[in-house]
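Visitor: The structure is given below, and queries will be raised subsequently.
The values are calculated or read from the model by the stated rules, or taken from the named source; none is laboratory data. Just so it is clear, the structure is predicted and the values come from calculations on it, not from any experiment. Neighbour counts are summed over all protein chains in view; Cβ atoms, including those assigned to glycine, are modelled from backbone coordinates with ideal geometry. Quick note on the areas: whole protein, heavy atoms, side chains included, nothing else; ligands and nucleic acids left out. Shrake-Rupley method; radii C 1.70, N 1.55, O 1.52, S 1.80 Å.
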Amino acid sequence: MGNNSVTWRLLPPAHGDPATELAAGTAMLAGLVTTHQPALRWYAAGSQPALVIGSGQKLSEVDQLALRQQGVTLHRRASGGTAVLFVPGFLMQDIALPLDHPLAHPDVSESYRWLGEVWQATLMQFGIDTRIIDIATARADRQLLDPLTARSCFGGRSPYEILVDDRKLVGFAQVRRREGMLFQVGVYTHWPGQQLATLLAILPAERQLFIERLAGRVTDLATVCASPPDLHRLATAFATVLQQRYDVHIVASDWTTEELKVMAAVQSRFLPLPLEG
């Protein structure tokens, strides 16, 4: 790999609100055009809860009255999948790679392999024993997944995501554009399954079933680790594994002028959606 390939930019977090954080991912992709350099950032959900739905998810799947009553904003992200609840303790990572980078595999599913392996080794540093979902298992699981459970993004399983005791701990998403590819990663310190159930358009008779099914498929850092790592500890451990495996050196970097312009320009796409009821 060349010099640019082994030096990754570590970008500062944005302002904490969901619209800005989602816009930052688009800005990272735009930055690849001028920097030609991988970029990474870590961020956590702020104090204002937000429900973020997938790019193609129907509004009919959320309970807009419940969102209004609970003061939860609703946003639509650029990546696919279904609902994710942004609450304190939800820890996230974005990684932008140029399309010609050695880790930017052309196959969408296979492109997650290196990421899953690095996350597995990262969590091992905290004594968390994990299993990676292979492609065949993920596809078989998707075929059997019931529509109720599928309304939560963490209810499904994608290739190379991270399991502990057969429950998902780390979830992945991906956005591909002509500028490059953006990996988006999320892990909960505390799984908010009960609150999520109140915000989706689920029949009252099915709500407890939804909670129980997700409880059997999702876990969190507080459950699997006596001393759950915070964002800083995760970032440090992840950087150590990247350097050991790929000779990657992460260097703190400010947003470029172009990235800041793009972030401001696209933020309106991710502003809270108007709620009915």
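Visitor: Name the residue from 99, 144, 114 whose Cα lies farthest towards the positive end of the charge dipole of segment 49-161, charges +1 on Cβ of Lys and Arg and -1 on Cβ of Asp and Glu.
Guide: With unit charges placed on the Cβ atoms, the residue in question is 144.
Visitor: Right, another one. P(r) for the chain: what percent of alpha-carbon pairs falls in each 5 Å bin, starting at zero?
Guide: 1, 6, 13, 17, 19, 18, 14, 8, 3, 1, 0, 0
Visitor: Can you pull out the trypsin sites (Lys or Arg not before Pro) in segment 40-148 that DSSP calls coil and that have at most 13 other Cβ atoms within 10 Å?
Guide: Here the sparse-neighbourhood loop sites are 58.
Visitor: Another question, if that's okay. For segment 53-132, what mean projected area does the convex hull of the alpha carbons give, in nm²?
Guide: On the way: hull surface 30.0 nm².
About 7.5 nm², averaged over all directions.
Visitor: Still on this structure: Expressed as cubic angstrom per residue, what is the convex hull volume of the alpha carbon set of segment 79-209?
Guide: Each residue corresponds to 122 Å³ of Cα convex hull volume.
Visitor: Counting C-alpha atoms alone, how compact is segment 1-105: give Rg to one decimal and Dmax as a whole number, in angstrom.
Guide: 16.0, 53
Visitor: For the chain, what does the accessible surface come to per residue with a 1.4 Å probe? Please give it in Å².
Guide: 44
Visitor: Output ³J(HN,Hα) for segment 115-130: one whole-Hz value per residue in order, computed from phi by the Karplus curve 6.51 cos²θ - 1.76 cosθ + 1.60 with θ = phi - 60°, and x for Gly and Pro.
Guide: 5, x, 5, 5, 5, 4, 5, 4, 5, 4, 5, 9, x, 9, 8, 10
Visitor: Right, next: Using alpha-carbon pairs under 8 Å, 6+ residues apart, how would you state the relative contact order of the chain in percent?
Guide: Numbers: 525 pairs, mean separation 79.6, N = 277.
The value is 29 percent.
Visitor: Please check which bits of segment 109-131 a label hung off residue 176 would reach, taking the label as a point 7 Å along Cα-to-C-beta and the cut-off as backbone N under 20 Å.
Guide: 109-117
Visitor: What is the pair-distance distribution P(r) of segment 220-277, computed from all Cα-Cα distances in 5 Å bins starting at 0, with each bin given as a whole percent?
Guide: For segment 220-277, the binned pair fractions read 4, 13, 11, 12, 11, 17, 16, 11, 4, 1, 1 percent.
Visitor: A further question follows. Could you pull the Rg and Dmax for segment 101-177, using just the Cα atoms, both in Å?
Guide: Every Cα atom of segment 101-177 included, Rg and Dmax give 12.9, 38 Å.
Visitor: Would you please give the residues with an amide H less than 5 Å from that of residue 170, counting only those at least 5 places away or on a separate chain, with H modeled from the backbone geometry?
Guide: Correct list: 162.
Visitor: Please report the relative contact order for segment 56-181, taking Cα pairs under 8 Å with a sequence separation of at least 6, and give it as a percent rounded to a whole number. Spell out each step's value before the answer.
Guide: Values: 129 pairs, mean separation 36.0, N = 126.
Contact order relative to length: 29 percent.
Visitor: Further question on the same structure: I need two numbers for segment 132-226: Rg to one decimal and Dmax as a whole number, Cα atoms only, in Å.
Guide: 14.1, 46
Visitor: Bin all alpha-carbon pair distances of segment 172-277 at 10 Å intervals from 0 and give each bin's fraction as a whole percent.
Guide: All Cα pairs, binned at 10 Å, distribute as 10, 24, 32, 26, 8, 0 percent.
Visitor: So, one more: 222 nm [θ] for the chain, helices only, -39500 (n - 2.57) per DSSP H run of 4+, per residue, to 500? Don't skip to the end; give the middle numbers.
Guide: Values: 10 runs with 100 residues, N = 277.
-10500 deg cm²/dmol, from helical runs alone.
Visitor: Now for a different question. In whole percent, how big is the carbon plus sulfur part of the accessible area of segment 156-272, probe 1.4 Å, protein atoms only?
Guide: That share works out to 50 percent.
Visitor: How large is ³J(HN,Hα), in whole Hz, for each residue of segment 151-157 in order, when computed from phi with the Karplus curve 6.51 cos²θ - 1.76 cosθ + 1.60 and θ = phi - 60°, using x for Gly and Pro?
Guide: Each residue of segment 151-157 in turn: 5, 9, 4, 6, x, x, 9 Hz.
Visitor: When only alpha-carbon atoms count, how far does segment 6-45 stretch along each of its three principal axes, as whole angstroms with the largest first?
Guide: Rounded to whole Å, the extents work out to 29, 17, 9 Å.
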